[in-house]
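The values are calculated or read from the model by the stated rules, or taken from the named source; none is laboratory data. Remember, it's a predicted structure, so these values are computed and weren't measured experimentally. Methodologically, a virtual Cβ is constructed for each residue, glycine included, from the backbone with ideal geometry; neighbour enumeration extends over all protein chains shown.
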Amino acid sequence: MSSKTASGRILGLLLLITAPGCAASANATEGAAPLSRIAFASCIRADRPQPGWESVLRGGPELFLLLGDNVYADTSDPDEFRAAYDELSSEPGFAALRASCPVLATWDDHDYGRNDAGAELPSREVARAAFLDFLGVDAGSPRRSRAGVWHAETFGPPGRRVQVILLDTRYHRSPLRRADSVAPDTGPYVPELDPAATVLGAEQWAWLEARLREPVELRLLVSSIQLVPVEHGWEKWGNMPLERARLIELFGRTGAKGVIVLSGDRHSAEISVLPPGAEGPGPDYPLYEITSSAFNQSLRPNAEPNAYRVSARCFGPNFGTLEIDWEGEPAGLLIEIRGADGSVFAAQRVTLRSLGSKVP
């Protein structure tokens, strides 16, 4: 298909999605119409074709979440950051999506500036400014003075509220501990047990606890790196097991109901579930994590272990969708991992009650 034909099809889909009465723009603030369709993705290479946008648009999402590695800048130069975001913004499919519904985002290492980097990166403020410019954050917004890019928004009226919490796992993250030797396909990192090591930093931890205490029916916790899987040696919360245990315990201690984790980074997609009580204190319901990665890249298939995996792994280009049925008896979710052509690779149905939510 020519780029002109593809652009025409995308624009046709956009006209359907943004017709008068479209719910997308009405869902931008708490108290508006409830969200029913959410899509998400990570790891987007601007130098490669991006056919998945047409499939995303066809589903008519009312909210889209960028989970990190939204561009591959890997730089400290503000002009190069700007050019990378301009390239994504000018991609016809992404531009059509952005015109059709709100887009929220966090970052990961390649839009932070360097592979696997954390708080030690000198250019992190350059990256932060470029990221916020890309999102169109007002100059006077409190987000401009925040030490990091964490953010949260709540959509929908009481009884049908969806809270989106976007964590920043880069700006304050302590150095990772490297293994003395690495076997093929195992990853270079081992657990760091220093109690002073942090993923989020003190300010973000306090902010997160306050957000988890807010009354909502569904919480989408966006973490650029995986939380539930612990066995591989690549980047993940399990590289700092005390911080991972702290986050899981925080879900239980705050009484936060309806938490589902969305993550990226891994260049493969899967669904994982941490059973209640499996690792000590935590939520009194299963903790689901949906990893969607990469949007337009493929990974050589491998047998990476994950005792909490409940789906097959997708190694080709993919994105995730979440459909909320507020009218169902009981109300519930359909979570899917889809290929670039829109075909369903993995699916999981979850009721809100099974996540501890008290829905009408």
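Meeting the requirement of 2 or more residues that are among the basic types (K, R), modelled with pLDDT under 95 and more than 22 Å from Y171 (Cβ to Cβ), no strands (runs of 3 or more DSSP E) wholly within region 16-113 can be named.
Within region 201-245, being surrounded by fewer than 23 Cβ atoms within 10 Å (Cβ to Cβ), of a type in the set (K, R) and assigned to a loop (DSSP other than H, G, I, E, B) holds for one residue alone: R213. Entry remark, region 155-176: residues being over 30 Å from L242 (Cβ atoms) and touching a helix residue (DSSP H, G or I) at 6+ places or on another chain (Cβ under 6 Å) number 1 in total.
Return yes when G264 is small (G, A, S) and more than 22 Å from V344 (Cβ to Cβ) and no when it is not. When the stated conditions are applied, G264 does not pass them.
Determine, yes or no, whether L132 is surrounded by 17 or more Cβ atoms within 10 Å (Cβ to Cβ), on the phi < 0 side of the Ramachandran plot, under 21 Å from the mean Cα position of the chain (by Cα) and part of a helix (DSSP H, G or I).
Judged against the criteria, L132 is a match.
Being part of a loop (DSSP other than H, G, I, E, B) and either of a type in the set (V, I, T) or closer than 30 Å to V190 by Cα (or both) is the requirement here; does T154 meet it? When the stated conditions are applied, T154 does not pass them. Residues that are modelled with pLDDT of 95 or more, among the hydrophobic types (A, V, I, L, M, F, W, C) and under 14 Å from G148 (Cβ atoms): does region 184-197 have at least one? Checked region 184-197: no residue is modelled with pLDDT of 95 or more, among the hydrophobic types (A, V, I, L, M, F, W, C) and under 14 Å from G148 (Cβ atoms).
Yes/no per residue for (1) in contact with a helix residue (DSSP H, G or I) (Cβ under 6 Å, 6 or more places away or on another chain); (2) closer than 23 Å to V261 by Cα:
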site: N70; (1), (2): yes, yes
site: Y85; (1), (2): yes, no
site: S90; (1), (2): no, no
site: A99; (1), (2): no, no
site: G118; (1), (2): no, yes
site: D133; (1), (2): no, no
site: V137; (1), (2): yes, no
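Could you list all residues from region 291-345 that are of a type in the set (S, T, N, Q) and out of contact with any Leu (no Cβ under 7 Å at 6 or more places or on another chain)? Outline the logic, then answer.
Taking region 291-345 first, the residues of a type in the set (S, T, N, Q) are 291-293, 296-298, 302, 306, 311, 318, 321, 343.
Scanning region 291-345 gives T291, S293, N296, Q297, S298, N302, N306, S311, N318, T321, S343.
Scanning region 32-59 for residues that are more than 16 Å from P92 (Cα to Cα) and either buried (at least 24 other Cβ atoms within 10 Å of the Cβ) or not charged (D, E, K, R) (or both) yields A32, A33, P34, L35, S36, I38, A39, F40, A41, S42, C43, G59.
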